[in-house]
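Here is the structure we will look at, set down as structure tokens.
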């Protein structure tokens, strides 16, 4: 049941299951030739369309059959995706396709698509929240949604998901994935400005575990990194009583343009439709922001690393605007975190206070997981923190895309236990479980 590749200084149980980068997971994506690029013969895109239109019908049909033979079994609704891509090209180039056969349209669409291995390089930095559908759960089990950062060709990061069930004894099961993965679709393709909110949705017949959210705007084009999800209760009054829960699932992530970073929000109520929107205010220029699961003292509350080294606590009247520098919450204190500390997901409410997982960076830039306890009514008060790591990488887990790293973007409270998925050297994802009682006992 246990795995010895990671060292725990607590009763943390390291589970056997691992998720790894997988180059066989591909999606069919648009391929861009650069609409504005042109020479004496016109734009490359227009010339490509002209070349396809010039093919004799028999030759075009044979070429299309070759495409289908190579790719139809590797993707879901392949011909419809080719058709959809053709429509985008038609609109962009002003093509009159009224006389084209379906085969010719789809062949053109195929020339403007390619396969993309979205998780070939790395799979890492998971976050986990209760699933919107808890029907049929008994014995304290919790159905969950887990997000992961998938890194593919060109070091571009996207957001992928897995669903499963966690049990109070620390065991869990992941729902299987199908052979097909699909990219989530943009609701309005005309809205891709770097400073705009965009909405994407997954196809009604595609499961969440087989759906991928890719970068869309100019600010995001370098990747969507390290989503920290939380189930946010808009109705929670803080004492477990009062109005019925009004849940929204909110995640903070880093949008990387290739040269600059910005924190953004992912928001959904059903994991079918997602809004991706910028965080306004000077705090949004930093990485690693994590939202509390409810308002605290009538305000939204966030933990972030505003100076690249220390943890800060921030308040705001708006979810999408964080203009407060915040108050210093925690500084590096122990050798395993001397370089910097950061949060590892949203705070978790316990009877003792707000439990937060942290990461520390020590000598040789080795990462370790720690924890701290904040006052329930005044989270600016640190009641206790771990002097030793909860988890560090040893042996085989030290090797990977970025060595000597263990990292998580969120854990799940299941009864009296904590279920912790975590990234291993930016190359794989492992799982651990421990009791909250043992974690609290570890802290000073």
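Results for (1) surrounded by 15 or more Cβ atoms within 10 Å (Cβ to Cβ); (2) in the same structural domain as residue 432 (by TED's automatic domain parsing); (3) within 30 Å of residue 280 (Cα to Cα), shown as yes or no for each residue.
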| position | (1), (2), (3) |
| --- | --- |
| 168 | yes, yes, no |
| 178 | no, yes, no |
| 209 | yes, yes, no |
| 215 | yes, yes, yes |
| 221 | yes, yes, yes |
| field | Cross-chain or 6+ apart pairs with Cβ under 6 Å, the stretch 3-32 first and at pLDDT below 85, then surrounded by fewer than 16 Cβ atoms within 10 Å (Cβ to Cβ) | value | 3/16; 5/395; 5/396; 7/394; 9/388; 10/438; 11/438; 31/114
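Any residue that is touching a residue at least 12 places away in the same chain (Cβ under 8 Å), more than 23 Å from residue 233 (Cα to Cα) and surrounded by 18 or more Cβ atoms within 10 Å (Cβ to Cβ) - is there at least one of those in the stretch 342-356? Step through it out loud before you land on a result.
Within the stretch 342-356, the first condition is being touching a residue at least 12 places away in the same chain (Cβ under 8 Å), and the residues that meet it are 342-350, 352-356.
Then drop every residue that is not more than 23 Å from residue 233 (Cα to Cα), which leaves 342.
Checking the rest, the ones that are also surrounded by 18 or more Cβ atoms within 10 Å (Cβ to Cβ) come to 342.
Checking the stretch 342-356: at least one residue is touching a residue at least 12 places away in the same chain (Cβ under 8 Å), more than 23 Å from residue 233 (Cα to Cα) and surrounded by 18 or more Cβ atoms within 10 Å (Cβ to Cβ).
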| message | Here are the criteria: (1) at pLDDT below 95; (2) over 21 Å from the mean Cα position of the chain (by Cα); (3) crowded, with 21+ Cβ neighbours inside 10 Å. Tell me which single one residue 304 does not satisfy. | response | (2)
| task | Exactly one condition in (1) in contact with a strand residue (DSSP E or B) (Cβ under 8 Å, 6 or more places away or on another chain); (2) touching a residue at least 24 places away in the same chain (Cβ under 8 Å); (3) surrounded by fewer than 21 Cβ atoms within 10 Å (Cβ to Cβ) is not met by residue 260; state its number. | result | (1)
| query | Looking at 421, 389, 403, which one is touching a helix residue (DSSP H, G or I) at 6+ places or on another chain (Cβ under 7 Å) and either buried (at least 23 other Cβ atoms within 10 Å of the Cβ) or modelled with pLDDT under 95 (or both)? | reply | 389
| Restricted to the stretch 39-65, and to residues that are at pLDDT below 95 and not in a helix (DSSP H, G or I), which residue is surrounded by the fewest Cβ atoms within 10 Å (Cβ to Cβ)? | 40
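Among the residues of the stretch 69-79, count how many are surrounded by fewer than 17 Cβ atoms within 10 Å (Cβ to Cβ) and assigned to a helix (DSSP H, G or I).
5
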| query | In the stretch 132-157, what count of residues is obtained for those that are free of Cβ contacts under 8 Å to residues at least 60 places away in the same chain and either in a loop (DSSP other than H, G, I, E, B) or in contact with a strand residue (DSSP E or B) (Cβ under 8 Å, 6 or more places away or on another chain) (or both)? | reply | 10
| query | Given the conditions (1) over 15 Å from the mean Cα position of the chain (by Cα); (2) under 30 Å from residue 19 (Cα atoms); (3) crowded, with 20+ Cβ neighbours inside 10 Å, which single one is not true for residue 82? | reply | (2)
| task | Looking only at the stretch 346-365, count how many residues are touching a strand residue (DSSP E or B) at 6+ places or on another chain (Cβ under 6 Å) and assigned to a strand (DSSP E or B). | result | 10
| note | Among 285, 272, the single one that is modelled with pLDDT of 90 or more and surrounded by fewer than 22 Cβ atoms within 10 Å (Cβ to Cβ) is 272
| query | Among 432, 368, 372, which is the only one that is in the same structural domain as residue 153 (by TED's automatic domain parsing), part of a strand (DSSP E or B), touching a residue at least 24 places away in the same chain (Cβ under 8 Å) and more than 24 Å from residue 20 (Cβ to Cβ)? | reply | 372
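Return yes when residue 200 is out of contact with any helix residue (DSSP H, G or I) (no Cβ under 9 Å at 6 or more places or on another chain), closer than 22 Å to residue 248 by Cβ and in contact (Cβ under 8 Å) with a residue 12 or more places away in the chain and no when it is not. Before the answer, list the steps.
Values: out of contact with any helix residue (DSSP H, G or I) (no Cβ under 9 Å at 6 or more places or on another chain): yes; closer than 22 Å to residue 248 by Cβ: yes; in contact (Cβ under 8 Å) with a residue 12 or more places away in the chain: yes.
When the stated conditions are applied, residue 200 passes them.
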| field | Test result for residue 197, closer than 30 Å to residue 413 by Cβ and assigned by TED's automatic domain parsing to the domain that holds residue 267 | value | no
| note | Among (1) part of a strand (DSSP E or B); (2) surrounded by fewer than 23 Cβ atoms within 10 Å (Cβ to Cβ), residue 378 falls short only on (1)
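For the stretch 406-429, how many residues meet the condition of being touching a strand residue (DSSP E or B) at 6+ places or on another chain (Cβ under 8 Å) and in a loop (DSSP other than H, G, I, E, B)?
At the first step, the residues of the stretch 406-429 found to be touching a strand residue (DSSP E or B) at 6+ places or on another chain (Cβ under 8 Å) are 406-414, 416-429.
So of that shortlist, the ones also in a loop (DSSP other than H, G, I, E, B) come out as 408-411, 416, 425-427.
Looking only at that region, the number is 8.
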| task | Considering only the stretch 265-289, state which residues are in contact with a helix residue (DSSP H, G or I) (Cβ under 8 Å, 6 or more places away or on another chain) and assigned to a strand (DSSP E or B). | result | 278
| query | Which one is nearest to residue 126 (Cα to Cα) among residues in the stretch 234-248 that are modelled with pLDDT of 85 or more and touching a strand residue (DSSP E or B) at 6+ places or on another chain (Cβ under 6 Å)? | reply | 248
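Can you go through 95, 108 and tell me which one is more than 30 Å from the chain's Cα centre (by Cα), part of a loop (DSSP other than H, G, I, E, B) and either assigned by TED's automatic domain parsing to the domain that holds residue 411 or surrounded by 17 or more Cβ atoms within 10 Å (Cβ to Cβ) (or both)?
Details: 108 fails: part of a loop (DSSP other than H, G, I, E, B).
So the residue among 95, 108 that is more than 30 Å from the chain's Cα centre (by Cα), part of a loop (DSSP other than H, G, I, E, B) and either assigned by TED's automatic domain parsing to the domain that holds residue 411 or surrounded by 17 or more Cβ atoms within 10 Å (Cβ to Cβ) (or both) is 95.
Would you check if residue 403 is in the same structural domain as residue 327 (by TED's automatic domain parsing), without any contact (Cβ under 8 Å) to a residue 40 or more places away in the chain and within 23 Å of the chain's Cα centre (by Cα)?
Working: in the same structural domain as residue 327 (by TED's automatic domain parsing): yes; without any contact (Cβ under 8 Å) to a residue 40 or more places away in the chain: yes; within 23 Å of the chain's Cα centre (by Cα): yes.
Yes, satisfied.
The values are calculated or read from the model by the stated rules, or taken from the named source; none is laboratory data. Note that this is a predicted model, so its numbers are computed, not measured. We place every Cβ from the backbone using ideal geometry, glycine too, and count neighbours over all the protein chains shown.
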